[in-house]
1. Inspect segment 2-15 for any residue being among the aromatic types (Phe, Trp, Tyr), at pLDDT below 90 and either surrounded by 10 or more Cβ atoms within 10 Å (Cβ to Cβ) or not in a helix (DSSP H, G or I) (or both) and give the result as yes or no.
2. Report every pair of residues separated by at least 6 positions or lying on different chains whose Cβ atoms are under 6 Å apart, first residue within segment 38-67 and without any contact (Cβ under 8 Å) to a residue 12 or more places away in the chain and surrounded by 10 or more Cβ atoms within 10 Å (Cβ to Cβ), second assigned to a loop (DSSP other than H, G, I, E, B) and among the β-branched types (Val, Ile, Thr).
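The values are calculated or read from the model by the stated rules, or taken from the named source; none is laboratory data. Here the structure is a predicted model, which means the values were calculated and not measured. Cβ placement follows ideal geometry from the backbone for every residue including glycine, while neighbour counts extend to all protein chains displayed.
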Amino acid sequence: MARFEELNAWLGERCRALWARCAPNQEFSVLEMLEQERPELMPMPSVFDGYVERSAKVSSTCLVAVERNRYSVP
């Protein structure tokens, strides 16, 4: 497998073959299952950024203190 395209094609085939062997419910596609489960799902709250960017000083021991927590940085 000298090229990424060949490797990706092989991986795709392998994943589909494994999924066919261990799929929990082969009666429905993933989209059909989503459509069945959608009424039971909770609505998404507001958008979550996942992080807050702040400027901070790095100590001589490569630590940053944020809200009484210390984090190591490169």
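1. Of segment 2-15, the ones among the aromatic types (Phe, Trp, Tyr) are 4, 10.
So of that shortlist, the ones also at pLDDT below 90 come out as 4.
With the extra rule that they be either surrounded by 10 or more Cβ atoms within 10 Å (Cβ to Cβ) or not in a helix (DSSP H, G or I) (or both), the set shrinks to none.
So far as segment 2-15 goes, no, none of its residues is among the aromatic types (Phe, Trp, Tyr), at pLDDT below 90 and either surrounded by 10 or more Cβ atoms within 10 Å (Cβ to Cβ) or not in a helix (DSSP H, G or I) (or both).
2. Correct list of pairs: Val64/Val58; Val64/Val73.
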